[in-house]
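Before any comments, here is the structure.
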Amino acid sequence: MSLTFHWFLPTNGDSRHVVGGGHGTPATASGRDRPPTVAYLSQIARAAEDLGFVGALTPTGAWCEDAWLTTAMVAQHTERLKFLVAFRPGFVSPTLAAQMAATFQRQTGGRLLLNVVTGGESHEQRAYGDFLDKDARYRRTGEFLEIVRALWEGKTVDLRGEHLRVEGARLAAGPDPVPEVYFGGSSPIAGEVAARHVDVYLTWGEPPAQVAEKITRIRELAARRGRRVRFGIRLHVITRDTSAQAWAEADRLLAGFDQKTVASVQAGLARSESEGQQRMLALHGGGDRRGLEIHPNLWAGIGLVRGGAGTALVGSHAEVADRIKEYAALGIDEFVFSGYPHLEEAYWFGEGVLPRLAAEGVWHHPSEKGDAPAVRVPFV
């Protein structure tokens, strides 16, 4: 089976420097040089499509543009690329969300994937009018997915749950195909939700031993319910012709971190309720480059100024391909990558790493059965 690769749409703006944000922290102003216009995001999406990425993740939160609206517009400028739309179940009714997904599928020819984000920061949730605590939010997510999946199956749904209630809910027309559901969360209750409802469990880029532990735990929880779950990983990437060039780029990014910004972001993230975010923070081995290399070619520097995914694969194209195969050997089927800036890094990865994986038979271009599109020359 071919590995699956997704890219990222920076709906919070893009730059040749790291643009922070996420998990209740605002996007950092420094280096936000390319606004997230539909034109620019479409440029990234077309490049990702041509290079062989299956989909593109869009984030959710007050620090970025709305994922549903943005991807609906960008989809009009692409042909094959799917959109992994991040959304929070507490902000919209399950019936409306099921209807929105069905509409998206019909209008894009089935190019929607759903990334369910329960929400790890109570203060950010409250800004949207959601006052449940973390565990209650996960229980609501379970009820939400139970309703949505039943609606997608064409059922009429009556449910009186702890947090959600619907009567006579039904869709006039369901989605075709049914969108796959992606989901992440490191807490025990998150594992229960994943085991019961999701298609792909996502983890942030922790060292392989920690990722293996997560895979084993979620796989066992799903097996108890007679289900099988696939696994994906979310990482940044810096790949170059040589290892020295890649690490020089990591050093350049690190040199651009303002220490006041680092201190402010770290203080904010230290208050995070997200177990996954705390696991990311625990990976920081120090301020210098070597202290932040927490596994061969795995660099924790991004997490100094960015919430959420805070690690990157850094190395030569061959080294990055080797690390991908290392994670794949653990059971990771899907990789969600990003890099700064996202247009140029898509080409570095797509032209440097993917051909190596194709030559080894672990990846093929999604259009391989037809004529592969000509690779566009990037313009900025």
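Tabulated values for the structure
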{"quantity": "Sulfur and carbon atoms: percent of accessible area, the stretch 183-244 [1.4 Å]", "calculated": "51"}
{"quantity": "Solvent-accessible surface ranking, highest first, for Lys134, Lys214 at 1.4 angstrom", "calculated": "Lys134, Lys214"}
{"quantity": "Cα→Cβ-extended label distance, 7 Å offset, between Ala318 and Ala136, nm", "calculated": "5.7"}
{"quantity": "Convex hull (Cα only) mean projected area of the chain, reported in nm² to one decimal", "calculated": "17.5"}
{"quantity": "Amide hydrogen neighbours beyond the local backbone of Ala86, cut-off 5 Å, H modeled", "calculated": "Thr58, Asn115"}
{"quantity": "Chain lengthening between Ser367 and Thr37 when straightened (0.36 nm per residue, less Cα-Cα)", "calculated": "116.1 nm"}
{"quantity": "Listed residues Gly361, Gly352, Gly109, most fluctuating in the chain (Gaussian network, C-alpha, under 10 Å)", "calculated": "Gly361"}
{"quantity": "Rounded if a/c under 1.5, otherwise prolate or oblate - the stretch 108-215, Cα gyration tensor axes", "calculated": "oblate"}
{"quantity": "Helix-derived mean residue ellipticity, 222 nm - over the chain, DSSP H n ≥ 4, -39500 (n - 2.57), to 500", "calculated": "-12500 deg cm²/dmol"}
{"quantity": "Karplus (6.51, -1.76, 1.60) ³J(HN,Hα), θ = phi - 60°, over the stretch 309-325, in Hz, Gly and Pro reported as x", "calculated": "4, x, 10, 9, 7, 10, x, 5, 4, 5, 5, 5, 4, 5, 5, 4, 5"}
{"quantity": "D_trans [Stokes-Einstein, Kirkwood Rh over alpha-carbon pairs] for the stretch 180-245, 4 °C, 1.567 mPa s, µm² s⁻¹", "calculated": "101"}
{"quantity": "Long-range HN-HN contacts of His364 with modeled amide H, under 5 Å", "calculated": "Leu3"}
{"quantity": "Base-10 log of normalised Debye intensity for the stretch 15-152 (one unit scatterer per alpha-carbon) at q = 0.13 Å⁻¹", "calculated": "-0.63"}
{"quantity": "Å² per residue, accessible surface of the chain at 1.4 Å", "calculated": "40"}
{"quantity": "Probe 1.4 Å - accessible area at Asp251, Å² to nearest ten", "calculated": "60"}
{"quantity": "Gaussian network model of the chain, Cα within-10 Å springs - most flexible of Val157, Val18, Val200", "calculated": "Val157"}
{"quantity": "Cα gyration tensor category, rounded, prolate or oblate, for the stretch 96-164 with a/c compared to 1.5", "calculated": "oblate"}
{"quantity": "Zone of Thr242's modelled label, taken as backbone nitrogen in the stretch 313-327 under 19 Å from a point 7 Å along Cα→Cβ", "calculated": "314-321"}
{"quantity": "Summed side-chain charge close to Leu298 - residues other than Leu298 whose Cβ falls under 11 Å, Lys, Arg +1, Asp, Glu -1", "calculated": "-3"}
{"quantity": "Pairwise label distance in nanometres, His284 with Ala172, each label 7 Å out on the Cα-Cβ vector", "calculated": "5.2"}
{"quantity": "Residue among Ala209, Ala27, Ala195 with the largest mean-square fluctuation in a Gaussian network model of the chain, springs linking Cα atoms under 10 Å", "calculated": "Ala209"}
{"quantity": "Cα pair distances of the stretch 243-372 binned at 10 Å [whole percent]", "calculated": "11, 39, 33, 14, 4, 0"}
{"quantity": "Relative contact order %, the stretch 233-297, counting alpha carbon pairs below 8 Å whose residues are six or more apart", "calculated": "19"}
{"quantity": "Rounded to the nearest 10 Å², the accessible area of His123 at probe 1.4 Å", "calculated": "100"}
{"quantity": "Amide H within-cut-off set for Ile238, under 5 Å, with H built and near neighbours excluded", "calculated": "Leu313, Val314, Gly315"}
{"quantity": "Most to least accessible of Asp333, Asp176, Asp33 (protein chains only, probe 1.4 Å)", "calculated": "Asp176, Asp33, Asp333"}
{"quantity": "Cut-off 14 Å between beta-carbons: net charge of the residues surrounding Ala172, Lys and Arg +1, Asp and Glu -1", "calculated": "+2"}
{"quantity": "For the chain: relative contact order, % (alpha-carbon pairs under 8 angstrom, 6 or more apart)", "calculated": "21"}
{"quantity": "Trypsin sites (Lys or Arg not before Pro) restricted to DSSP loop in the stretch 218-262 with at most 15 other C-beta within 10 Å", "calculated": "Arg225, Arg227, Arg228"}
{"quantity": "Within the stretch 78-159, chymotrypsin sites (Phe, Trp or Tyr not before Pro) in DSSP loop having at most 13 other beta-carbon neighbours inside 10 Å", "calculated": "Tyr128, Phe131"}
{"quantity": "Flagged links, alpha-carbon separation over 29 Å, of Lys155/Lys214; Lys82/Lys325; Lys134/Lys214; Lys155/Lys325; Lys134/Lys325", "calculated": "Lys155/Lys214; Lys155/Lys325; Lys134/Lys325"}
{"quantity": "Separation of the Val262 and Glu79 label points, Cα + 7 Å toward Cβ, nm", "calculated": "4.6"}
{"quantity": "Local electrostatic count, Leu151, Cβ distance below 14 Å [Lys/Arg +1, Asp/Glu -1]", "calculated": "-3"}
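The values are calculated or read from the model by the stated rules, or taken from the named source; none is laboratory data. If you're wondering where the values come from, they're calculated on a predicted model, not measured in any experiment. When we count neighbours, we look across all protein chains shown, and the Cβ atoms used for this are built from the backbone with ideal geometry, even at glycine. For accessibility, only protein heavy atoms count, side chains too; no ligands or nucleic acids. Shrake-Rupley method; radii C 1.70, N 1.55, O 1.52, S 1.80 Å.
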